[in-house]
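Visitor: Dumping the structure here so I can ask a few things about it.
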């Protein structure tokens, strides 16, 4: 079973007769198509390896001047993946660092870093749903295109987890406290706000995407996209920026909720109520990770920090409980422990940031 709530686990199975990743070279462009439309193209370990191998081959292929990433089907680029598979590792007796999930994350994060540093233009068509691991294979690219159908999010705190795939790096470098708001609430945004957050660069109407993909065959990406782009619809953050910046600069989650409840804007109270439904532990770890990522030197350092966190969350009861409530039993009533942000002490989250035996090799 696949779900749009997190980076994909390693054991997702696609019964399609076609490969889960399709590639072709046409003109000056190399096209990569995530090809699991029934699962909204959720990533698997096999897919990560196929994309990585393709990018490494195209790095030295003079025919390929631009890489273009799309998703099959009409629902989205990539909706995260199979958190039930990761849940199996979280509830097993196997040491966290030796699980298949840990292997998947190491290779997925290496792919995220490869995309960010790729020497050729990398065009990501972020049409439709783009969540979790989908952000990792798109938002680190050099040319990121959104449409009126786009919905981008990092929904991890809602299942007792933390933003990963470089999400803490991206959101910590968003204007003001917008990234903190999105990360803690586990929300999603449309095209206008994705552009405001710095998760995308261009807006192209979805009806023009086929023409854009054709143009990339023989046109440089900047020129091709500019010829198809238009002004994005306004995002919600234009109206919300003042109260978000005022409230989310607080030092801890409890203080953020208190500030939101005191703010006169009704939207701030709605945000506070949302935060009371999220995992207090996950929010505390996320907030510290965002603050730290803002001071780290590069994406690679942020990915290393994220690997430490996600491996530790395999042993965190809130993650197993969050998946149970959201995906397995679907009662939408997780019993977080501790239940209140006030009861999460700094020393409780220190261990999530301690070095691993096997660190990320980038």
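The values are calculated or read from the model by the stated rules, or taken from the named source; none is laboratory data. Every value quoted in this text rests on a predicted model; they were computed, and no experiment measured them. Positions of Cβ are generated from backbone atoms using ideal geometry, with glycine treated the same way; all protein chains shown enter the neighbour counts.
Visitor: Residues that are more than 16 Å from the chain's Cα centre (by Cα), in a helix (DSSP H, G or I) and under 26 Å from residue 273 (Cα atoms): does region 173-187 have at least one?
Guide: Let us first name the residues in region 173-187 that are more than 16 Å from the chain's Cα centre (by Cα), namely 175-177.
Then keep just the ones that are in a helix (DSSP H, G or I); that gives none.
No: zero hits.
Visitor: Pairs under 7 Å by beta carbon, first residue at pLDDT 95 or above in region 205-223, partner surrounded by fewer than 17 Cβ atoms within 10 Å (Cβ to Cβ) and in a helix (DSSP H, G or I), six or more apart or different chains?
Guide: Taking only residues 6 or more apart or on different chains, the pairs are 215/227.
Visitor: Of all residues in region 315-335, which are more than 16 Å from residue 163 (Cβ to Cβ), within 23 Å of the chain's Cα centre (by Cα) and not in a helix (DSSP H, G or I)?
Guide: 315, 330, 332, 334
Visitor: For region 129-164, what are the residues that are over 13 Å from the mean Cα position of the chain (by Cα) and assigned to a strand (DSSP E or B)?
Guide: Within region 129-164, 143, 144, 145, 146 meet the criteria.
Visitor: I've got another one for you. Restricting to region 197-223, name every residue that is in a helix (DSSP H, G or I) and crowded, with 21+ Cβ neighbours inside 10 Å. Walk me through it before giving the result.
Guide: Our first condition is that a residue be in a helix (DSSP H, G or I); within region 197-223, this holds for 197, 206-215, 221-223.
If the condition is that a residue be in a helix (DSSP H, G or I) and crowded, with 21+ Cβ neighbours inside 10 Å, then 197, 212, 221 are the ones that fit.
Visitor: Can I ask one more? Could you tell me which numbered condition residue 88 fails, if it satisfies all but one of (1) surrounded by 22 or more Cβ atoms within 10 Å (Cβ to Cβ); (2) part of a helix (DSSP H, G or I); (3) at pLDDT below 95?
Guide: (1)
Visitor: Related question: Taking residue 240, is it closer than 30 Å to residue 350 by Cβ and either touching a residue at least 24 places away in the same chain (Cβ under 8 Å) or touching a strand residue (DSSP E or B) at 6+ places or on another chain (Cβ under 7 Å) (or both)? I'd like the intermediate steps shown before the answer.
Guide: Numbers: closer than 30 Å to residue 350 by Cβ: no; either touching a residue at least 24 places away in the same chain (Cβ under 8 Å) or touching a strand residue (DSSP E or B) at 6+ places or on another chain (Cβ under 7 Å) (or both): yes.
Judged against the criteria, residue 240 is not a match.
Visitor: Is there a residue in region 110-123 that is at pLDDT below 95, on the phi < 0 side of the Ramachandran plot, outside any loop (DSSP other than H, G, I, E, B) and under 19 Å from the mean Cα position of the chain (by Cα)? Break it down stepwise before answering.
Guide: Keep residues of region 110-123 that are at pLDDT below 95, which gives none.
Among the residues of region 110-123, not one is at pLDDT below 95, on the phi < 0 side of the Ramachandran plot, outside any loop (DSSP other than H, G, I, E, B) and under 19 Å from the mean Cα position of the chain (by Cα), which makes the answer no.
Visitor: Another question about this same structure. How many residues are assigned to a loop (DSSP other than H, G, I, E, B) and either farther than 15 Å from residue 310 by Cβ or in contact with a helix residue (DSSP H, G or I) (Cβ under 7 Å, 6 or more places away or on another chain) (or both) when one looks only at region 95-106? Full working, then the answer.
Guide: Of the residues in region 95-106, the ones assigned to a loop (DSSP other than H, G, I, E, B) are 95, 99.
Okay, now just the ones that are also either farther than 15 Å from residue 310 by Cβ or in contact with a helix residue (DSSP H, G or I) (Cβ under 7 Å, 6 or more places away or on another chain) (or both), so 99.
Residues that pass the stated criteria total 1.
Visitor: Residue by residue through region 267-283, note down the ones that are in contact (Cβ under 8 Å) with a residue 40 or more places away in the chain and more than 14 Å from residue 182 (Cα to Cα). Quick ask: steps written out before the conclusion?
Guide: In the first step, residues of region 267-283 are kept if they are in contact (Cβ under 8 Å) with a residue 40 or more places away in the chain; the result is 271, 274-275, 277-283.
Scanning region 267-283 gives 277, 279, 280, 281.
Visitor: Any chance you could count how many residues in region 224-237 are surrounded by 16 or more Cβ atoms within 10 Å (Cβ to Cβ) and either outside any helix (DSSP H, G or I) or without any contact (Cβ under 8 Å) to a residue 60 or more places away in the chain (or both)?
Guide: Taking region 224-237 and keeping what is surrounded by 16 or more Cβ atoms within 10 Å (Cβ to Cβ), we get 224-225, 228-229, 232, 235, 237.
Narrowing further to those that are either outside any helix (DSSP H, G or I) or without any contact (Cβ under 8 Å) to a residue 60 or more places away in the chain (or both): 224, 228-229, 232, 235, 237.
Qualifying residue count for the region: 6.
Visitor: Could I ask something else about it? Sort out which residues of region 270-281 are loosely packed, with under 15 Cβ neighbours inside 10 Å and either touching a helix residue (DSSP H, G or I) at 6+ places or on another chain (Cβ under 8 Å) or on the phi > 0 side of the Ramachandran plot (or both), and write them in order of number.
Guide: First pass over region 270-281, keeping only residues loosely packed, with under 15 Cβ neighbours inside 10 Å: 270, 273, 276-277.
Across region 270-281, the qualifying residues are 276, 277.
Visitor: List every residue pair whose Cβ atoms lie under 8 Å apart, where the two residues are 6 or more positions apart in sequence or sit on different chains, the first residue falls within region 331-356 and is over 21 Å from residue 308 (Cα atoms), and the second residue, located anywhere, is surrounded by fewer than 10 Cβ atoms within 10 Å (Cβ to Cβ).
Guide: none
Visitor: Ok, one more. Would you point out which residue out of 284, 293, 301 is over 16 Å from the mean Cα position of the chain (by Cα) and buried (at least 21 other Cβ atoms within 10 Å of the Cβ)?
Guide: Numbers: 293 fails: over 16 Å from the mean Cα position of the chain (by Cα); 301 fails: buried (at least 21 other Cβ atoms within 10 Å of the Cβ).
Checking each option against the conditions leaves just 284.
Visitor: Looking at 79, 7, 39, which one is closer than 20 Å to residue 362 by Cβ, at pLDDT below 95 and in contact with a strand residue (DSSP E or B) (Cβ under 8 Å, 6 or more places away or on another chain)?
Guide: Numbers: 79 fails: closer than 20 Å to residue 362 by Cβ; 39 fails: closer than 20 Å to residue 362 by Cβ.
The unique qualifying residue is 7.
Visitor: Does residue 301 count as without any contact (Cβ under 8 Å) to a residue 12 or more places away in the chain and either in contact with a helix residue (DSSP H, G or I) (Cβ under 9 Å, 6 or more places away or on another chain) or not in a loop (DSSP other than H, G, I, E, B) (or both)?
Guide: yes
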